[in-house]
Amino acid sequence: MTTQQAPAIQVQGLEKSYKEVRVLRGVDFTVARGSIFALLGSNGAGKTTAVKILSTLLKADAGTARVNGFDVAAQAADVRESISLTGQFAAVDEILSGRENLVLVARLRHLKNPGKIADDLLERFSLTDAGARKVSTYSGGMRRRLDIAMSLIGNPPVVFLDEPTTGLDPQARIEVWQAVRELAAQGTTVLLTTQYLDEAEQLADRIAILHEGRIIVNGTLAELKQLLPPAKVEYVEKQPTLEDVFLSLVGADGGKDGDAGKHASRYASKEQR
Ligand SMILES: Nc1ncnc2c1ncn2[C@@H]1O[C@H](COP(=O)(O)OP(=O)(O)OP(=O)(O)O)[C@@H](O)[C@H]1O
Ligand SMILES: [Mg+2]
């Protein structure tokens, strides 16, 4: 099989222990090219450990993993050229502007036209208006979007996002979700980890649950839902969730470029609650 035809990610029998703690005990899964795959699991389930192995930061004790057709152990350099990794904490430079951060990474990767690459990414992540501002003035959601934008420089075919929306407010989460959907629509393969069930529900083509060192289920949302018998329907008024109320008050698509007016209204509506 050539690297082009192979699935974006193939994991077989992956094992990893830290001293006597057996974190991964034989993990298997495959991610199709251009799809979004969510790895769900509680705190300490081993999600970050799996992502670190797939991104060559950590060596597995046993098993094999191939990313973009390359073996993570034997062809680590090829794997690194095929991926980007966005960790849980934004890796952006506070003192620089958003645009300067992007230009810096493009220069470090020896790409032609760093300015154009930066401007295109700012546009794609709705950060054009904020591009000239120091990152220290950005909101959490804007930083996260910039962080993801930075990881896309050089167009890696496979993107790892480790808990991309932990700590973000509902509006910022939706902004990040939109960015992830656009990535997949352009053919990038996305593996994301999350503890949020709704995030997996919203985004993922396939969802795998990592529990006690193994993948205990792996399927589409519809397949996962079939694992439980349908609930008996009772006719009660559906009460809006707090998230529904919050999003309808602040506008589900608001605050995208972080312009002052939108932000003012976001905070105003928070205070009115
Ligand atoms: N370097 C390390 N040394 C020892 N134990 C570690 C190390 N890194 C992780 N662990 C342990 O391995 C287990 C899995 O950690 P991991 O970070 O992969 O979990 P996770 O699913 O990403 O959790 P979270 O949702 O909290 O991010 C945990 O019990 C953790 O304490
Ligand atoms: Mg983690």
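A short reminder: the numbers here are calculations on the coordinates, not readings from a lab. Quick caveat: nothing in here was measured; it's all calculated off a predicted structure. Positions of Cβ are generated from backbone atoms using ideal geometry, with glycine treated the same way; all protein chains shown enter the neighbour counts.
Rounded to the nearest 500 deg cm²/dmol, what is the calculated helix-only ellipticity per residue at 222 nm for the chain, with -39500 (n - 2.57) per DSSP H run of length n ≥ 4?
Working: 10 runs with 99 residues, N = 273.
It lands at -10500 deg cm²/dmol.
Counting only GluC sites (Glu not before Pro) that are in a DSSP loop and have at most 16 other C-beta atoms within 10 Å, tell me the longest site-free stretch of the chain.
Numbers: sites that count: GLU20, GLU94, GLU212, GLU234, GLU237.
It runs 95-211.
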Open item on the list: If you average the alpha carbon positions of region 113-138 and of region 6-26, how far apart do those two centres end up, in angstrom?
Closed with: 37
Open item on the list: Give the residue list of trypsin sites (Lys or Arg not before Pro) in region 179-233 that are DSSP loop and have at most 16 other beta-carbon atoms within 10 angstrom.
Closed with: LYS232
Task: GNM result for the chain, Cα springs below 10 Å: residue of ALA77, ALA50, ALA222 fluctuating most strongly - done: ALA222
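Label the chain by shape, choosing from rounded, prolate and oblate, from the square roots a ≥ b ≥ c of the eigenvalues of the Cα gyration tensor; if a/c is under 1.5 it is rounded, and otherwise prolate applies when a/b is larger than b/c, oblate when it is not.
On the way: a/c = 1.99, a/b = 1.12, b/c = 1.78.
Oblate is the answer for the chain, as a/c is 1.5 or above yet b/c matches or exceeds a/b.
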Open item on the list: So if I take the centroid of the Cα atoms in region 80-110 and the same for region 206-252, what is the distance between those two points in Å?
Closed with: 34
TODO: Identify the trypsin sites (Lys or Arg not before Pro) of region 97-165 meeting these criteria: DSSP loop state and at most 13 other C-beta atoms within 10 Å of the C-beta.
DONE: ARG109, LYS112
Task: Student exercise, region 9-272 dipole from Lys, Arg, Asp, Glu Cβ charges, in Debye to nearest 20 - done: 600
Open item on the list: Starting from 0.36 nm per residue, how many nanometres of slack lie between ARG22 and ALA185 once their C-alpha separation is accounted for?
Closed with: 55.0 nm
Task: Spacing of the two label points (7 Å from each Cα toward its C-beta) at THR30 and LEU108, in nm - done: 3.5
TODO: Identify which of ALA118, ALA132, ALA38 has the largest mean-square fluctuation in a Gaussian network model of the chain, with springs joining Cα atoms closer than 10 Å.
DONE: ALA132
- [ ] Determine the relative contact order of region 9-272: mean sequence separation of Cα pairs under 8 Å and six or more apart, normalised by residue count, in whole percent.
- [x] 25
Task: Options GLN195, LEU183, PRO156, ranked by Cα towards positive dipole end of region 144-253, top entry (Cβ charges) - done: PRO156
- [ ] With springs only between Cα atoms under 10 Å apart, run a GNM on the chain and tell me which of GLY44, GLY34, GLY131 wobbles the most.
- [x] GLY44
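For ALA77 and VAL245 in the same chain, what is the full-extension length gain: residue separation times 0.36 nm, less their Cα-Cα distance, in nm? The partial results should precede the final answer.
Numbers: separation 168, 0.36 × 168 = 60.48 nm, distance 4.79 nm.
Value of the extension gain: 55.7 nm.
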